[in-house]
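No lab work stands behind these numbers, since they all come straight from the coordinates. These numbers were taken from a predicted model, which means no experiment stands behind them. In this analysis, Cβ positions are derived from the backbone assuming ideal geometry, glycine residues included, and neighbour counts consider all displayed protein chains.
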Amino acid sequence: MSSNAIISELLLIRASVADERFVALRRIAATEGGAREQYFGEEKALSTYRPAKEGVKQPLVWVIQWPKVLPEGFDEKAFHAKVKALDEDGAPEVFRTAFEDAALPRPALTAPLTEFATLVVQPSSVGNQDTAKSLEKTFTDCFDAPDGGFTGGFWGPSESSNPAHDKLYSYYLGWETKELHSKYSKSDLFALELDNLASVTKDGWAIWATLEQANEV
C-alpha cells in the first residue's frame, strides 16, 4: 500500500462556510485525523439532476483526503457526529472513495470547475467485463473530448450514506469551463459508454463546485 493512499470523503452539508464549527472541524481533520488535503466550496446548480430549490441554499461541498490508516487515537465516530450536528438537517450526504495515491484525484479538485459524477449500477452487473470496461472508459474518454477542457482526475468504486447506492462508482473530473464540458456531453464519444451502461445503471447524477483548498494543513 502506498504511503500516499487515501480515503477521499465527499460531504454535502447544509451549513455556512463561515460557521466557526466548520473551521474547527477542518482543523481537527488536519491536526488530529491526518488529512493533508481538504477542499470546499458551494455546490453549483449546473446539473438537471440536482437543481437549485427556491428558498433553499445550496449545500456546502467538502472534500477530506483522509490517510488510508487513520492516526491512533483519532475518534472518527465523534468527528462525524459533529459533522452531522453541523448540517442544518442533521443528515449530510456522504461519499467515500479509496485512491491508491492522493495525487490521482488532485487535478480534478484543483481545476477551475470540479465535477463529481456518479453511477449506481445493478449489483448483478458488477464483475462483468463489458461493464468494467465501460465504467473505465467513461473516465478515460474525457481526455479525448473533441474541444478539450478536461484537466484530469480519477475514478473508483465508492460507498455512500444512502443504502440504495449499494454499487456506486464516483468520478472526480476537472474541467476548464462548463461550456467545454457541455460541448463534450453532446458528442458521440460521451454518449458511447453511457449508452453501453444504460441497461445496467440504476441511477446517476453530477455534483459541481469550484473548490478552495483549505489552509489548515
Residue order, fewest to most surrounding Cβ atoms within 10 angstrom, among Leu189, Leu104, Leu11 = Leu189, Leu104, Leu11
What are the semi-axes of the equivalent ellipsoid of region 6-102, taken as the square roots of 5 times the eigenvalues of the Cα gyration tensor, listed largest first and rounded to whole Å?
-> 24, 16, 11
Between the alpha carbon centres of region 125-170 and region 7-45 the gap in Å comes to 24
Set Lys and Arg Cβ to +1 and Asp and Glu Cβ to -1, take the dipole of the chain about its Cα centre, and tell me which of Gln129, Ser185, Gly34 lies farthest positive.
-> Gly34
Considering amide H positions built from the backbone, and no H for Pro or chain starts, which residues 5 or more places from Gly148, or on another chain, come under 5 Å of its amide H?
-> none
Helix 188-197 versus the longest principal axis of the chain: what angle, 0 to 90°, nearest 10, using Cα atoms?
-> 80
Distance (nanometres) between label positions extended 7 Å along Cα→Cβ at Val69 and Trp205 | 3.6
Neighbour-count ranking [beta-carbon atoms within 10 angstrom, fewest first] of Glu76, Glu115, Glu93 | Glu76, Glu93, Glu115
Proximal lysines to Lys82, defined as alpha-carbon separation beneath 22 angstrom and excluding residues fewer than eight positions away on the same chain | Lys57, Lys68
What pairs from Lys44/Lys183; Lys133/Lys202; Lys133/Lys167; Lys44/Lys167 go past 21 Å between their alpha carbons?
-> Lys44/Lys167
Go through 20-30, 170-180 and give me the packing order, highest mean Cβ count within 10 Å leading.
-> 170-180, 20-30
Region 136-144 - phi-based ³J(HN,Hα) in whole Hz, Karplus 6.51/-1.76/1.60, Gly and Pro as x | 5, 5, 4, 7, 5, 5, 4, 5, 9
With θ set to phi - 60° and the Karplus curve 6.51 cos²θ - 1.76 cosθ + 1.60, what are the ³J(HN,Hα) couplings of region 16-31 in order, to the nearest whole Hz, using x for Gly and Pro?
-> 8, 5, 8, 4, 4, 5, 5, 4, 5, 5, 4, 5, 5, 4, 6, 7
Kindly state, to the nearest 0.05, the FRET efficiency for Val126 paired with Glu20, given R0 = 41 Å and r defined as their beta-carbon distance.
-> 0.45
Note, region 53-62: 3J(HN,Hα) by Karplus (6.51, -1.76, 1.60, θ = phi - 60°), whole Hz, Gly/Pro = x, goes 10, 4, x, 10, 6, 5, x, 8, 9, 10
Among His181, His165, His80, which comes first, second and so on when ranked by fewest other beta-carbon atoms within 10 Å?
-> His80, His165, His181
